[in-house]
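Right, one structure below, let's go through it.
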Amino acid sequence: MGALITLLYTLLRARAISQATQAQQKLTGLFAKLEASHLQLKQYSNRVAHLAATEERNRLARDIHDSLGHHLAAINIQLEKANAYRQRDPDRACEAIHHAQHTVQDALKDVRESVSSLRQEGDPFCFADSLNGLIARMHHSKLHITLEQTGDDSNYSRLKLMTLYRVVQEGLTNVHKHAQASEVAIALHFTPQTAHLHLTDNGVGFNIATWKQSSQKQTTQGLVGLQERVSLVGGTLCVQSSPAGTTLTSTLPQSQPTATTTAITRAPFTEELS
């Protein structure tokens, strides 16, 4: 009987030691997996931080181009006009300088608003007021600008309304600088699902393929920036041009889709922007 008890004790002890060993091995394996997961999570975190920093740089680049770039282009045009008229028509030269001064004030206001936005301060963005103010500031360009807006924009986010505003701003800047147009028509239509924008001028048009290789190549950065903006909110952007004029079209969904796409439609004098 004593030998049987000893044998049973030995077997139970061996089994306990085996189970403890297996548990220790399993625990060691779990610690190894946990360490590997921690390392992978750290790598993912670093990658996300890098992507976030890259996206923030791209966003700031778009804001600088679309806002300050617009104002500086307008100031440059007015100063060139003042220089051209300073001898033969001092009154027109003074008027151009006066417009340039107002544009500088607008640029400073935009800088303050951008800083306030980064600090999450300041007044909320008002699409209608901002758009009307933009058009009013273009009166010195001798462009006849018409604006037709239908539908309700109150259900659209600040980001999407700001995107539409930037599309109009860049479109008007390019018309003013390059199109040799006398008229621009802006049509905005808001539905519960989609916002549609059409900006059309009666200028000379352009060939995008040739234009991208010309001295005006830097201006395509504005269109590329618009592509990025529109794509980030799930919208589409289309540029069509002919000798009778150019049309810039953008469509933005009211709600963010699961997958965002950017489309550039082919048409006469139209080429994909890449």
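Exactly one condition in (1) at pLDDT 75 or above; (2) assigned to a helix (DSSP H, G or I); (3) of a type in the set (D, E, K, R) is not met by Glu113; state its number.
(1)
Looking at (1) at pLDDT 75 or above; (2) in contact with a Lys or Arg (Cβ under 7 Å, 6 or more places away or on another chain), find the lone condition where Pro243 falls short.
(2) is the only condition that Pro243 fails.
Of the residues Ala74, Ala84, only one is at pLDDT below 80 and part of a helix (DSSP H, G or I); which?
Ala74
Looking at Pro253, Pro257, can you tell me which residue is closer than 24 Å to Asn155 by Cβ and modelled with pLDDT under 85?
Going through Pro253, Pro257 in turn, just one is closer than 24 Å to Asn155 by Cβ and modelled with pLDDT under 85: Pro257.
What are the residues in the stretch 155-169 that are closer than 15 Å to Leu252 by Cβ and either of a type in the set (Gly, Ala, Ser) or assigned to a helix (DSSP H, G or I) (or both), if any?
Matches in the stretch 155-169: Ser157, Arg158, Leu159, Lys160, Leu161, Met162, Thr163, Leu164, Tyr165, Arg166, Val167, Val168.
Could you run through the stretch 195-211 and say how many residues are surrounded by fewer than 16 Cβ atoms within 10 Å (Cβ to Cβ) and either within 27 Å of Asp110 (Cβ to Cβ) or modelled with pLDDT of 95 or more (or both)?
So the count comes out to 0.
Here is a yes/no grid of residues against (1) surrounded by 10 or more Cβ atoms within 10 Å (Cβ to Cβ); (2) of a type in the set (Ser, Thr, Tyr); (3) more than 30 Å from Val224 (Cα to Cα); (4) at pLDDT 65 or above:
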| site | (1), (2), (3), (4) |
| --- | --- |
| Leu7 | yes, no, yes, yes |
| Ala14 | yes, no, yes, yes |
| Val48 | yes, no, no, no |
| Leu51 | yes, no, no, no |
| Glu56 | yes, no, no, no |
| Asp63 | yes, no, no, yes |
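Quick one: what pairs do we get from the stretch 147-158, first residue loosely packed, with under 12 Cβ neighbours inside 10 Å, second assigned to a strand (DSSP E or B) and modelled with pLDDT of 90 or more, C-beta under 6 Å, 6+ apart or different chains?
Close Cβ pairs (under 6 Å, with a partner that is assigned to a strand (DSSP E or B) and modelled with pLDDT of 90 or more) amount to Glu148/Ala187; Thr150/His189; Asp152/Phe190.
Report the residue count in the stretch 226-242 for those that are under 15 Å from His198 (Cβ atoms) and part of a loop (DSSP other than H, G, I, E, B).
Matching residues across the stretch 226-242 total 1.
Quick check on my filter: what residues within the stretch 212-231 are modelled with pLDDT of 65 or more and either buried (at least 18 other Cβ atoms within 10 Å of the Cβ) or of a type in the set (D, E, K, R) (or both)?
Gly222, Leu223, Gly225, Leu226, Gln227, Glu228, Arg229, Val230
Do any residues in the stretch 89-101 that are closer than 15 Å to Lys142 by Cβ have Cβ atoms under 8 Å from those of residues that are modelled with pLDDT under 80 and among the basic types (Lys, Arg), where the two are at least six apart or on different chains, and which pairs are they?
Arg92/Lys81; Ala96/Lys81
The values are calculated or read from the model by the stated rules, or taken from the named source; none is laboratory data. Being a predicted model, the structure only gives us computed values, none of them experimental. In this analysis, Cβ positions are derived from the backbone assuming ideal geometry, glycine residues included, and neighbour counts consider all displayed protein chains.
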